[in-house]
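The next block holds one structure in the form of structure tokens; read it before the comments.
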Amino acid sequence: MTTSIDTATLRQLDQSHHLHPFTDFGNYARDGGRIISRAEHIYIYDSDGNAMLDGMSGLWCCNLGYSQKAIVEAVYHQMQELPYYNNFFRCSNQPAVELASQLARLSPADFNHVFFTNSGSEANDTNIRLVHRYYDLLGKPEKKQIISRKNAYHGSTIAASSLGGMQAMHDQAIGLDYVHHINQPHWFELGGDRSPDEFGIAVARELETKIDELGEERVAAFIAEPIQGAGGVIIPPDTYWPEVQRICDERDILLIADEVICGFGRTGTWWGSETYGIRPHLMTFAKAITNGYMPLGGVLVSDTLSDVLLGSGGEFTHGLTYSGHPASCAAGLATLGILEETGIIDSAARDIAPHFQRRLREFIDHPIVGEVRGRGMFAAVELVRDKGSRERLAAKSAGAVYCRDQANNNGLMVRQTGDAMITAPPLVCSIEEIDILADKLGQALDATASHYGIGG
Ligand code: PMP
């Protein structure tokens, strides 16, 4: 047990020694942050005792909230039995074996193999290695180019951030020269006068154009999230994925679905690919596989690749000390067990998600809301100054930052991405808890409107 340290000391030590992810270091060292000290069900508590309804499921990972004892006990038991052993050198362990076979059972029929990592970033690095190895083994070593999308988030390692399309990340690291980015299916931002359906087709066809530009014989894969999450819950128009699928089917291009956020129920089905009828060749997973309780990620590999990777022999020169960590895999197994036994994915899709989407869509009448979009258990609310022209509320996303701070200070954890408010609550929320979330978000929108002098 760690001994308890008073909040003032913790804050001071945090500011003095701890560098935080995606944070302005100098600013944090000066102003500090919030120490989260415990959590229960869908609430997090800071060290001052303030409760917050967690409208982000941690970082899109605690889909079952914070009180899943079965996962804790599975990890505890596994740590006593076998706290660690690696999966190199012809060794394996029961939780890793079981989890791989359960994932094969729960994924589309042509997915029968799993490579484990600790995180989504490493899983996307692994995707590149797998794709390149696949085409090398097929005797097509020139097929190395990968197409992704602007504003995508696929992780923070050099390879994963190259796959991603976040300009601010590219500005701080020299990325891979074989990754190329096309536009995202973000109708509100880019659609202009076109209907969502027209825009969906046009933006999907950018993939075809990019393949032609690079040469099909050089392009290995296209990677995308079924719904772009961290980029701002970008819900693609209905026409988008069928057109992307057509292009991938007609060309010799592998399709990688990054399911790190969409997987395990977020979109209303087990996989975002299932929700959109996408037929990928590789699926990246992480986050909710352990309900966020232990670090674990990986790649689900379809038979298209595994037939070649297993059949052609030779070593795949890639692996991580903690690939298939027994305690993480035990957490994964326990999480899958809860998802299946409770039927929560179906019941949340049937009972909770429609209420969540309905409540948030009511904000479309709010004077500073330009669009509400969402699917299943995540949504985005775009803030504007002028609904017609879609003029933003304030420069540099300041309006959404203000709104987020209002919500946070009023006991609701939501996030701001660009000019949108983002929420992705746990699937275990009740109707009443969704109402609390929506009410608090509404109060933050009201406060923001009045701060900018808009509306009544
Ligand atoms: N892919 C997607 C779609 C993600 O949202 C994230 C994390 N937000 C990652 C990959 C990276 O996962 P990790 O942070 O576990 O490396």
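The values are calculated or read from the model by the stated rules, or taken from the named source; none is laboratory data. Note that the structure is predicted; figures quoted are calculated from it, not measured. So basically every Cβ, Gly included, is an ideal-geometry build from the backbone, and we count neighbours across all protein chains shown.
Every listed requirement among (1) of a type outside the set (A, V, I, L, M); (2) more than 16 Å from the ligand (Cβ to nearest atom); (3) closer than 29 Å to E216 by Cβ is met by G268 save one, (3). Do the conditions hold for E198, that is, is it out of contact with any Pro (no Cβ under 9 Å at 6 or more places or on another chain) and not polar (S, T, N, Q)? Criteria not met by E198. Identification of helices (runs of 4 or more DSSP H) wholly contained in the stretch 300-379 with 3 or more residues that are over 28 Å from H186 (Cα atoms) yields 303-311, 326-342. The residues of the stretch 220-240 that are farther than 13 Å from A152 by Cβ, within 16 Å of the ligand (Cβ to nearest atom) and in contact with a helix residue (DSSP H, G or I) (Cβ under 7 Å, 6 or more places away or on another chain) amount to a single one, A221. Out of curiosity, is G399 on the phi < 0 side of the Ramachandran plot, part of a helix (DSSP H, G or I) and surrounded by 24 or more Cβ atoms within 10 Å (Cβ to Cβ)? Yes: the conditions hold for G399. Close contacts from the stretch 192-207, counting a first residue that is among the aliphatic types (A, V, I, L, M) and a second that is surrounded by fewer than 16 Cβ atoms within 10 Å (Cβ to Cβ) and assigned to a loop (DSSP other than H, G, I, E, B), with Cβ to Cβ under 8 Å and a gap of 6+ residues or different chains, come to A202/R194.
Looking across the stretch 64-77, the residues that are in a loop (DSSP other than H, G, I, E, B) and at negative phi come down to L64, Y66, S67, Q68. Within the stretch 221-248, the residues that satisfy the criterion of being crowded, with 19+ Cβ neighbours inside 10 Å, in contact with a Gly (Cβ under 9 Å, 6 or more places away or on another chain) and part of a helix (DSSP H, G or I) are Y240, W241, E243. Scanning the stretch 197-216 for any residue that is within 30 Å of V372 (Cβ to Cβ), surrounded by 16 or more Cβ atoms within 10 Å (Cβ to Cβ) and within 16 Å of the ligand (Cβ to nearest atom) turns up nothing. Applying the criterion of at least 1 residues that are on the phi > 0 side of the Ramachandran plot and not assigned by TED's automatic domain parsing to the domain that holds F264 to the helices (runs of 4 or more DSSP H) found wholly in the stretch 1-63 leaves 57-60. Just so you know, in the stretch 150-177 the residues that are of a type outside the set (A, V, I, L, M, F, W, C) and either under 15 Å from T417 (Cβ atoms) or in contact with a Lys or Arg (Cβ under 8 Å, 6 or more places away or on another chain) (or both) include one that is nearest to the ligand (Cβ to nearest atom), and it is Y153.
Taking the condition among the polar types (S, T, N, Q), free of Cβ contacts under 8 Å to residues at least 40 places away in the same chain and farther than 19 Å from D303 by Cβ, does Q80 pass? Spelling it out, Q80 is indeed among the polar types (S, T, N, Q), free of Cβ contacts under 8 Å to residues at least 40 places away in the same chain and farther than 19 Å from D303 by Cβ.
Scanning the stretch 278-285 for residues that are assigned to a loop (DSSP other than H, G, I, E, B) and at positive phi turns up nothing.
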